[in-house]
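> One structure, pasted below without further comment.
The values are calculated or read from the model by the stated rules, or taken from the named source; none is laboratory data. Predicted, not measured: the structure shown is a model, and the values here were computed from it. Glycine also receives a Cβ, built like all others from the backbone with ideal geometry; neighbour counts cover every protein chain displayed. Side chains included, ligands, DNA and RNA excluded: accessible areas come from the protein's heavy atoms. Shrake-Rupley method; radii C 1.70, N 1.55, O 1.52, S 1.80 Å.
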Amino acid sequence: MELKVLGTQSPVCKIGHNCPGFLIQDGTNRIMLDCGSGTHSLLKYPDDLQNLSVIISHLHRDHYNDIFNLQYASFAFHNQKRIENPIDIFLPQTPFARADDIKNETESFARYSTITEESSLKIGNIKIDFCKTDHPIETYAVRLKKGNKAIVYTSDTSYSAKDRIAEFAKGADLLICESSLLKKHGFPEINSHLTAAQAAKIAKQANVKCLGLTHFWFEENVQEYIEEAREFFENSIALEEGQIIQI
């Protein structure tokens, strides 16, 4: 599996940085995990629309704003007869109005499916499972497994879900974990997001091979996230836009 980092920051994007998104390619199949603002700018068109599945972890704008760009691109390239298959979009059921806004888009060449914690997908050789996190709206972590290789993406979560997420991520080759906060600011232990230290503790508990930090607050120095995480889990890296990782 090849992972391309499309976006790592929140709640806004700035020059050189986008809101959350990751593209995984295996053969001719492409799986996009979230599509926050700016992520579509790092896709190759129309190639990356071919056999594309988009999994939206939750319906906060910084994680799905670019779905509308992808929908319109699919519509335009299909009309030009440059893509044959509709893009597949998987999304939570709630908030209903936001989900319906996506599914009711008319200028789109796409199919839609609802995800739940019980959902299990098979896309090519990749098996995909879901784990509900603790966040203000319906949100899912995602595990992608091919053979004995696994990538886990936490999406957004509170530390209150740490045991559940650690079990879900157990033994993964790469844990892509949100680390929105820095402990130096004195945030309470249970928040709607994780500190870099909490992300590292989950990685250690899950015994993953590598921790990829993401979902950085756009005004912070990314190096501080790395230093904080490495106090608890040495093999911690900060993911960067355009980065390619082979799993």
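> Return the sequence-ordered ³J(HN,Hα) values of segment 216-225 in whole Hz as given by the Karplus equation 6.51 cos²θ - 1.76 cosθ + 1.60 applied to θ = phi - 60°, using x for Gly and Pro.
My calculation for segment 216-225 gives 7, 5, 5, 8, 8, 7, 4, 4, 5, 5 Hz in order.
> Using 0.36 nm per residue, how much length does the chain from Thr106 to Glu167 gain when fully extended, once their Cα-Cα distance is taken away?
On the way: separation 61, 0.36 × 61 = 21.96 nm, distance 4.00 nm.
Result for the pair: 18.0 nm of gain on full extension.
> Follow-up. From the list (1) 37; (2) 57; (3) 33, can you say which value of percent of Cα pairs over 26 Å apart was derived from the structure given?
Identified label for the calculated read-out: (3).
> Right, next: Calculate the dipole size of segment 1-137 relative to its Cα centre from +1 charges on Lys and Arg beta carbons and -1 charges on Asp and Glu beta carbons; express the result in debye to the nearest 20.
Details: 13 positive and 17 negative charges, 49 e Å.
Here the size comes out at about 240 debye.
> Name the residue farthest towards the positive end of the dipole of the chain from the options His58, Ala172, Phe187, assuming +1 on Cβ of Lys and Arg, -1 on Cβ of Asp and Glu, about the Cα centre.
Result: Ala172.
> Place a +1 charge on the Cβ of each Lys and Arg in segment 150-247 and a -1 charge on the Cβ of each Asp and Glu, then give the dipole magnitude about the Cα centre in debye, rounded to the nearest 20.
400
> Next up: How far is it, in nm, from the label point at Ser160 to the one at Glu224 when both lie 7 Å from their Cα along the line to the Cβ?
2.6
> Then there's this: On a 0 to 90 degree scale, rounded to 10, what angle separates helix 196-206 from the longest Cα axis of the chain?
Helix 196-206 and the main axis of the chain meet at about 90 degrees.
> Additional query: Which three semi-axes in whole Å describe the equivalent ellipsoid of segment 139-235, each the square root of 5 times a Cα gyration tensor eigenvalue, listed largest first?
Taking √(5λ) for each eigenvalue gives 21, 14, 12 Å, largest first.
> With every protein chain present, what is the per residue accessible area of the chain (1.4 Å probe, Å²)?
Accessible surface, normalised per residue, equals 43 Å².
> Along the charge dipole of segment 20-123, Cβ charges K/R +1 and D/E -1, which of Leu70, Pro20, Asn104 sits furthest on the positive end?
Going by the Cα projections, it comes out as Leu70.
> Using Cα centres only, tell me the gap between segment 51-99 and segment 189-220 in whole Å.
First find each Cα centre; the distance between them is then 27 Å.
> From the residues Cys35, Pro46, Asn148, which one has its Cα farthest along the dipole of segment 27-157 in the positive direction, the dipole being from +1 and -1 charges on Cβ of Lys/Arg and Asp/Glu about the Cα centre?
The Cα lying farthest towards the positive end belongs to Asn148.
> Students sometimes get this wrong: rank Asp48, Asp163 by accessible area, probe 1.4 Å, all chains present, largest first.
Heavy-atom accessible area, descending, gives Asp163, Asp48.
> Now for a separate question. Given a 1.4 Å probe and the protein chains all in place, what does the accessible area of Lys132 round to, in Å² to the nearest 10?
Approximately 90 Å² for this residue.
> If you don't mind, another one. Just from its helices, what would the mean residue ellipticity at 222 nm be for the chain, if runs of 4 or more DSSP H residues each count -39500 (n - 2.57) and the sum is divided by every residue, rounded to the nearest 500 deg cm²/dmol?
-6000 deg cm²/dmol, from helical runs alone.
> Give me a comma-separated list of calculated 3J(HN,Hα) values for segment 172-178, in order, Karplus coefficients 6.51, -1.76, 1.60 applied at θ = phi - 60°, integers in Hz, x for any Gly or Pro.
Calculated HN-Hα couplings, in order: 5, 6, 9, 9, 8, 10, 5 Hz.
> Once amide H atoms are built 1.01 Å from N in the peptide plane, which residues 5 or more positions from Tyr112, or in another chain, come under 5 Å H to H?
Hits under the 5 Å cutoff: Ile89.
> Using unit Cβ charges (K, R positive; D, E negative) and no other charged atoms, how large, in debye to the nearest 20, is the dipole of the chain about its Cα centre? Don't skip to the end; give the middle numbers.
Values: 26 positive and 33 negative charges, 128 e Å.
So the magnitude is around 620 debye.
> Okay, next question. Would segment 1-134 count as rounded, prolate or oblate if I go by the C-alpha gyration tensor, calling it rounded below 1.5 in a/c and otherwise prolate when a/b exceeds b/c, oblate otherwise?
Rounded is the answer for segment 1-134, as its axis ratio a/c remains below 1.5.
> Please determine, in degrees from 0 to 90 and to the nearest 10, the orientation of helix 67-79 with respect to the longest principal axis defined by the Cα atoms of the chain, where the helix direction is its Cα long axis.
Between helix and principal axis, roughly 30 degrees.
> Among Ile151, Ile137, Ile115, which one moves the most in a GNM of the chain with springs linking Cα atoms closer than 10 Å?
Ranking Ile151, Ile137, Ile115 by mean-square fluctuation puts Ile137 first.
> Figure the gain on full extension for Glu2 and Glu231 (residue separation times 0.36 nm, minus the Cα-Cα span) and round it to one decimal in nm.
79.6 nm
> Within the chain, what whole-number % of the accessible surface is contributed by carbon and sulfur, with the 1.4 Å probe and all protein chains included in the calculation?
47
> For Ser57, enumerate residues with amide H under 5 Å from its amide H, sequence gap 5+ or separate chain, H modeled in the peptide plane.
For Ser57, the qualifying residues are Asp34.
> I need the calculated FRET efficiency for the pair Lys183 and Gln80, taking r as the beta carbon distance and R₀ as 51 Å, to the nearest 0.05.
Computed FRET efficiency for Lys183 and Gln80 comes out at 0.50.
> Taking a 1.4 Å probe, which of Lys14, Lys44 shows the most accessible area, and what order do the others take after it?
The most accessible residue leads, giving Lys44, Lys14.
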